[in-house]
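The values are calculated or read from the model by the stated rules, or taken from the named source; none is laboratory data. Just so we're clear, the structure is a prediction, and the values are computed from it rather than from any experiment. Cβ placement follows ideal geometry from the backbone for every residue including glycine, while neighbour counts extend to all protein chains displayed.
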Amino acid sequence: MSEQSQSPSQSQPEACEADRVAADRLEQVRNALPEAVALELAETFRLLTDPGRLRLIAALLEADELCVCDLAEVTGLSQTACSHNLRLLRAQRLVRYRKQGRKVYYTLDDNHIRVLLAVALQHVTHG
């Protein structure tokens with residue numbers, strides 16, 4: 001198709017007809033979520049898309065602290081899958097652990113995780 005036969009909307013980007021927000025406000029909005037933070041946040045949400053990992057988080061919400069054996073039992077995951085998923089969650093600072101002899105106990109890293117899941121649960125279960 002030649003340039004002459006293109007419609008104006010195809011040859012030029014759309015122009016906003018409304019008044020623009022002040023340039024300093026646009027810069028503030030543009031900087032509200034820095035790229036590094038956006039990437040880390042996206043990784044956190046990516047980890048929470050797996051039902052098995054969500055069951056691990058939910059179990060820790062209820063029990064506060066559980067060993068890998070108990071987490072595997074309540075989530076239906078194998079101990080290997082459970083350990084793997086806990087390692088991923090730990091790397092993103094969603095859970096933390098402590099060792100007691102040969103046993104490893106997991107808990108949520110901080111209260112932010114509780115709030116995050118509580119809000120998400122409210123969202124999916126309301127009217």
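Scanning segment 92-115 for residues that are without any contact (Cβ under 8 Å) to a residue 24 or more places away in the chain and in contact with a helix residue (DSSP H, G or I) (Cβ under 9 Å, 6 or more places away or on another chain) yields 93, 96, 97, 109. The requirement of being among the aliphatic types (A, V, I, L, M) and at pLDDT 95 or above is satisfied by residue 66. Taken across segment 71-92, residues that are of a type in the set (Lys, Arg), in contact with an Asp or Glu (Cβ under 9 Å, 6 or more places away or on another chain) and exposed (fewer than 15 other Cβ atoms within 10 Å of the Cβ) do occur, with at least one present. Does residue 43 meet the test of being touching a strand residue (DSSP E or B) at 6+ places or on another chain (Cβ under 6 Å), surrounded by 11 or more Cβ atoms within 10 Å (Cβ to Cβ) and either under 19 Å from residue 96 (Cβ atoms) or in contact (Cβ under 8 Å) with a residue 60 or more places away in the chain (or both)? Taking the combined requirement at face value, the residue does not satisfy it. The set of residues from segment 55-70 being buried (at least 16 other Cβ atoms within 10 Å of the Cβ) and under 18 Å from the mean Cα position of the chain (by Cα) comprises 55, 56, 57, 59, 60. Beta carbons closer than 6 Å, at least 6 apart along the sequence or on distinct chains, pair a first residue in segment 69-91 that is touching a residue at least 12 places away in the same chain (Cβ under 8 Å) with a second that is of a type in the set (Ser, Thr, Tyr) and outside any helix (DSSP H, G or I) for 86/106.
Checking every residue in segment 26-36 against the condition of being outside any helix (DSSP H, G or I) and either touching a residue at least 40 places away in the same chain (Cβ under 8 Å) or basic (Lys, Arg) (or both) gives zero matches. When residue 34 is tested against (1) out of contact with any Lys or Arg (no Cβ under 8 Å at 6 or more places or on another chain); (2) surrounded by 13 or more Cβ atoms within 10 Å (Cβ to Cβ), just one condition goes unmet, and that condition is (2).
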